[in-house]
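All remarks here apply to the structure that follows.
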Amino acid sequence: MKQREQTRRSAVPTLRRLSSVLLFIGALAGCNLAPNSAGQISERIGEVANEPSSKELDLGRLTSFGWDRLYLFKAGTTREAICRFLSANRNLCDRVVRYESVPAAHMAILFALDGRLTHIELHALANGEFDVDPGPEGLPRSDCVFRIRHAASTGEASVAHLEPIPVAASGPR
């Protein structure tokens with residue numbers, strides 16, 4: 001009887017880790033269905049940012065999942081670099097990051113809640129260029145309100161630049 005109880009107790013941490021891994025895979029499996037295309041959040045960003053009358057974009061209002069930090073990875077960032085950042089083994093990371101490197105004209109956007117990844121997808125720069133370098137600590141959700149500045153590009157279409165608005169300047173949220 002004691003041995004069964006000890007076996008059950010020792011299995012609990014393993015089951016928790018396994019369930020965390022499965023939850024991680026399940027939650028992220030649908031984040032970016034086509035491996036080299038922009039995701040749904042990117043499309044929502046583009047709808048707001050490319051609307052000529054839009055002046056501000058609140059990223060928190062465009063998401064339906066929990067997050068408290070945003071991380072950005074530039075074009076050319078390798079899968080290995082993102083996996084190292086996530087502290088994920090290669091097997092698990094291959095299921096989540098389905099490209100060898102972030103494609104040109106894109107960036108990878110990662111959302112985390114309490115230090116755990118909740119969403120990852122590719123963001124097409126045509127949907128808005130983030131003019132911010134959050135560094136390895138990322139941006140807190142409260143700092144993810146952006147001023148939209150439309151600038152002419154070399155082509156005919158303008159490019160929406162997303163500049164962070166200081167929390168004090170944007171007022172209460």
Next on the checklist: Compute, for the range 84-164, the length of the dipole vector about the Cα centre, with Cβ point charges of +1 (Lys, Arg) and -1 (Asp, Glu) only. Units Debye, rounded to 20.
Outcome noted: 300
Checklist entry - Running Debye on the range 55-170 with equal point scatterers at the Cα sites and no solvent, what base-10 log of I(q)/I(0) appears at q = 0.14, 0.15, 0.18, 0.21 Å⁻¹? => result -0.61, -0.70, -0.97, -1.24
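Laboratory data are not the source of any read-out in this text; all were calculated from the coordinates shown. Computed from a predicted structure; not experimentally measured. No Cβ is skipped: glycine too gets one built from the backbone with ideal geometry, and neighbour counts run over all protein chains shown.
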